[in-house]
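Visitor: Before I ask anything, here is the structure I am working with.
Since every read-out is calculated from the coordinates, none of them should be taken as a lab result. It should be emphasised that the depicted structure is a prediction, and the values quoted were computed from it without experimental measurement. With ideal geometry, Cβ positions are generated from the backbone for all residues, glycine too; neighbour counts draw on all protein chains shown.
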Amino acid sequence: MNSTMPGLVNYGAAPGSVELREVPTPAIGDKDILLKVEAVSICGSDLHQWLGGMSWKVNYPCILGHEFGGTIVQAGREVKRFKEGGRVVSETAAVIDEYSPYTRKGLYNLDPNRLGFGYGVDGAMTQYVKVPERCLHSIPDDLPFEKAALTEPCSVAYNAVCVNGRIRPGDHVLVIGPGPIGLLCALMAKLSGAGHLIVSGLPADAQRLAVARQLGANATLEGNVLDYIKDLGDGFGVDVVIDATGVSASFQLAMQAVRPAGQIVKVGWGPQPLGFSIDPLVQKAVTLQGSFSHNWPIWERVIGMIASGQVNLEPVMNRVAPLEDWEECFTRMHEGNYVKAILKPNG
C-alpha cells in the first residue's frame, strides 16, 4: 500500500474548489477500520460543495464522499465485529458524542456535535478511508458494491417516508423534486402503499421524471400541480407531501397542495429565506415533519431491501466510472442527465 493516494478534495468555499490531489493514506486507531473503497456514489451535497452552494460548515480541505462501501484491509486492535476481507458499507456519522442524550436514544444522527464524512472529516472519494467500527454494516457476498453504495441515500429516503412519514395504503402522495433523494422517496412511498403517486419537477427534469414513472409514479408533472390536484379524488389536496428540493419556495407549493390535517415531510435542504406566510399550516392544521439522515436499524432494514430486490435501483444507476472521470459525472448529475453516478477509486 502506497503512502499517498489520489483523493477528490474540496479545498475551499468558492465555486469549483474541487480537484484530484495526492493525499496521505490514513492511519487508523484502535477502534477503526481501514477500508479499501470499492464504490462511492455521488450525492447532491457533493455537488453543492463543488458549486459552492451548501448551507453547512465544511472543514477544508476535505475529501468528498459519504455514500460508500468497500473491503476491510486493516482492523484496529479493539475491533471486535469485523475482520480483514469483510465486505461492508458505512454510515455517515463519522464523529458523534457517545454521551449525548440523542446518541443514547439511538438518534445519533441528530447529535448537534455530529460530523459526517465528506464535509466534517475526510470521505471516500479516494482509495482508502478510515472508518470507526460502529459505522459499518456487513453486506451479502452477492450484493454488488455499486448497489451497496446507494444504501445511504436509500436510508435517507426510508427515514423520511417510512419512519417520519405516515403514508397509509391508498393515500395520495406528492413528491416535489425528482433529484436522487426525491426519486428514492417516491420509490419508498410506492412501497408504503401510496394510491396515487405524483412526482413534480421542472421542464429541465424531463429525464428524471421519466425515471419516476419507472419507479411507480402514477403522474409526473412539470408544472400545474395545483390544477392537477383539484381533479384528484375529492379535490381537497394530497394526504402527504414530501418536499425533496433544495429550493425553499417549494414549501409554498407543499402548503397549497396538502389537504387539511395532512402532512408535509421536509427532507430537502435550502438556505433561502421563505418570503411568504406559513399561515396555511395553522389554517389546515397540517403536520410539518423534518427528516435528517438515518440510524443503525434503518440501515439494516434497507440493506435487506436492496439485497432482496424489493428496492430496485437499476433505474437510478446511470454511470459507473473511475475516479478520474469525476468531473464529467458531477456535471452530468448537475445537468439532470444522470440520477446517480458511482465512482470506483480502485478500478
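Visitor: Take residue 293 and tell me if it is farther than 30 Å from residue 5 by Cβ and outside any helix (DSSP H, G or I).
Guide: No; evaluated as a whole, the condition is false for this residue.
Visitor: Show me the helices (runs of 4 or more DSSP H) found entirely inside segment 42-158 where at least 1 residues are surrounded by fewer than 17 Cβ atoms within 10 Å (Cβ to Cβ). Can you show your working first?
Guide: Numbers: elements: 44-51, 101-104, 145-148, 151-158.
Helices (runs of 4 or more DSSP H) meeting the threshold: 44-51, 101-104.
Visitor: For residue 340, all conditions in the list (1) within 30 Å of residue 140 (Cα to Cα); (2) surrounded by 21 or more Cβ atoms within 10 Å (Cβ to Cβ); (3) without any contact (Cβ under 8 Å) to a residue 60 or more places away in the chain; (4) basic (Lys, Arg) hold save one; what is the number of the exception?
Guide: (3)
Visitor: Could you please let me know if residue 27 is among the aliphatic types (A, V, I, L, M) and either part of a helix (DSSP H, G or I) or in contact with a Gly (Cβ under 7 Å, 6 or more places away or on another chain) (or both)? Spell out the reasoning first.
Guide: Details: among the aliphatic types (A, V, I, L, M): yes; either part of a helix (DSSP H, G or I) or in contact with a Gly (Cβ under 7 Å, 6 or more places away or on another chain) (or both): no.
No; evaluated as a whole, the condition is false for this residue.
Visitor: Additional query: Looking at (1) over 30 Å from residue 346 (Cβ atoms); (2) out of contact with any helix residue (DSSP H, G or I) (no Cβ under 8 Å at 6 or more places or on another chain), find the lone condition where residue 146 falls short.
Guide: (1)
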